[in-house]
Amino acid sequence: MDFVVSQLLTGLSLSSILLLVALGLAIIYGVTGVINLAHGEFVMLGAYCAWLLQTQLGLGLLPSLIPIFVAVALLGLAIEYLVIRHLYDRPLDTILATWGLGVMAQQIVRLLAGGELRYVQMPAALSGSVNILGATESAYRLFVLAVALGLFALTWHVYRHTSIGLQLRAITQNRQIASSFGINAGRAYRLTFAYGAGIAGLAGALISPLKSVSPEMGTGYVVDAFMVVVVGGVQSLFGTVVSSGLLGELTGALAYLSNDTIAKALVLAAVVVIIRFRPQGLFTPRIRA
């Protein structure tokens, strides 16, 4: 029993990180259609913000979360206004532009902070362990899981039960008709991109005590995030949370039976098989014809 609970908790911990990273990408891709290859760099910038605030200002991780969300969201807002808004409906151009922005962000961080690994201290209040049905789990990893689920619930509520969410869903289905009813699609896109970037920054800050911080750290995360979004189904927030849960648990189980490298390769093979037989993903939103 202890072993089963321990494996489930390990899978949930991996799932929470996948959900944190993929949630912002799913929102941006689902609403605006932009394939944002710079999403991993937003995660990286969030981690560096946490390191900077902790080492230079002595600010703990928990009080840093809101300023980090705001700072990365404002950066996303500026990027959308200066670059992305000129490239909507041009998917190949947005891929190239966001890839270039990601490379620029890595090099700027390398010049300003150096290329060596950085570390962020875990909050002292969450450095202990919690006993769950005989299995022990890090309190901080449970905190990350709770934050990931809380962010998903908040995003779901805004998307499904507010006027802003209604406008986003209308734009997603048909931008021209939504605009003819007075919905400002440009402003909705801008706010969506900023929100998605802010969540990515928040993800980076929360992950930073669990992983070393480096300019290249976002590259691996953006691949995982795209796997989650594609498997779950684009434009499906529910699919994103289910997909992150499945991939996290599968990775945890395979890593126990073999090692992390083989587990990642097998999960990637499973994703390819799923896409082969269900290219639209596991979940697709219902759209009126």
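Number of residues in the stretch 180-197 that are within 22 Å of the chain's Cα centre (by Cα) and of a type in the set (V, I, T): the value is 1.
The condition of being of a type outside the set (S, T, N, Q) and either within 19 Å of A105 (Cα to Cα) or open to solvent by 30 Å² or more (accessible area, probe 1.4 Å) (or both) holds for only one of A197, A255, A188, that being A197.
Listed by position, the helices (runs of 4 or more DSSP H) inside the stretch 1-99 whose residues that are open to solvent by less than 40 Å² (accessible area, probe 1.4 Å) and within 17 Å of Q121 (Cα to Cα) number at least 2 are 39-56, 61-82. With respect to (1) under 30 Å from V4 (Cβ atoms); (2) within 21 Å of the chain's Cα centre (by Cα); (3) of a type in the set (S, T, N, Q), the lone exception for S138 is condition (2).
Conditions tested, residue by residue: (1) open to solvent by less than 60 Å² (accessible area, probe 1.4 Å); (2) within 20 Å of the chain's Cα centre (by Cα); (3) modelled with pLDDT of 85 or more; (4) not aliphatic (A, V, I, L, M).
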{"position": "A125", "(1), (2), (3), (4)": "no, no, yes, no"}
{"position": "A148", "(1), (2), (3), (4)": "yes, yes, yes, no"}
{"position": "H157", "(1), (2), (3), (4)": "no, yes, yes, yes"}
{"position": "R160", "(1), (2), (3), (4)": "no, yes, yes, yes"}
{"position": "A178", "(1), (2), (3), (4)": "yes, no, no, no"}
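Only one of the listed residues (A178, A146) is closer than 26 Å to G201 by Cβ and of a type in the set (A, V, I, L, M). That residue is A146.
Yes or no, residue by residue, for (1) closer than 23 Å to L75 by Cβ; (2) in a helix (DSSP H, G or I); (3) among the basic types (K, R):
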site: N131; (1), (2), (3): no, no, no
site: Y140; (1), (2), (3): no, yes, no
site: L151; (1), (2), (3): yes, yes, no
site: H157; (1), (2), (3): no, yes, no
site: L166; (1), (2), (3): no, yes, no
site: R169; (1), (2), (3): no, yes, yes
site: S179; (1), (2), (3): no, yes, no
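The residues of the stretch 258-278 that are under 17 Å from G248 (Cβ atoms) and among the basic types (K, R) amount to a single one, K264. For Q107, the conditions (1) surrounded by 15 or more Cβ atoms within 10 Å (Cβ to Cβ); (2) touching a residue at least 24 places away in the same chain (Cβ under 8 Å) are fulfilled apart from (1). The combined condition, being at pLDDT below 85, open to solvent by less than 40 Å² (accessible area, probe 1.4 Å), β-branched (V, I, T) and in a helix (DSSP H, G or I), is not fulfilled by V241. Answer with yes or no whether A270 is aliphatic (A, V, I, L, M), assigned to a helix (DSSP H, G or I) and either surrounded by 14 or more Cβ atoms within 10 Å (Cβ to Cβ) or touching a Phe, Trp or Tyr at 6+ places or on another chain (Cβ under 8 Å) (or both). Taking the combined requirement at face value, the residue satisfies it. Taking the conditions (1) of a type in the set (V, I, T); (2) surrounded by fewer than 22 Cβ atoms within 10 Å (Cβ to Cβ); (3) at pLDDT 90 or above in turn, T219 satisfies each one other than (3).
The values are calculated or read from the model by the stated rules, or taken from the named source; none is laboratory data. All values reported here derive from a predicted model rather than from experimental measurement. Virtual Cβ from ideal backbone geometry, glycine too; neighbours counted across all protein chains shown. What goes into the accessible areas is simple: the full protein's heavy atoms, side chains included, and nothing from ligands, DNA or RNA. Shrake-Rupley method; radii C 1.70, N 1.55, O 1.52, S 1.80 Å.
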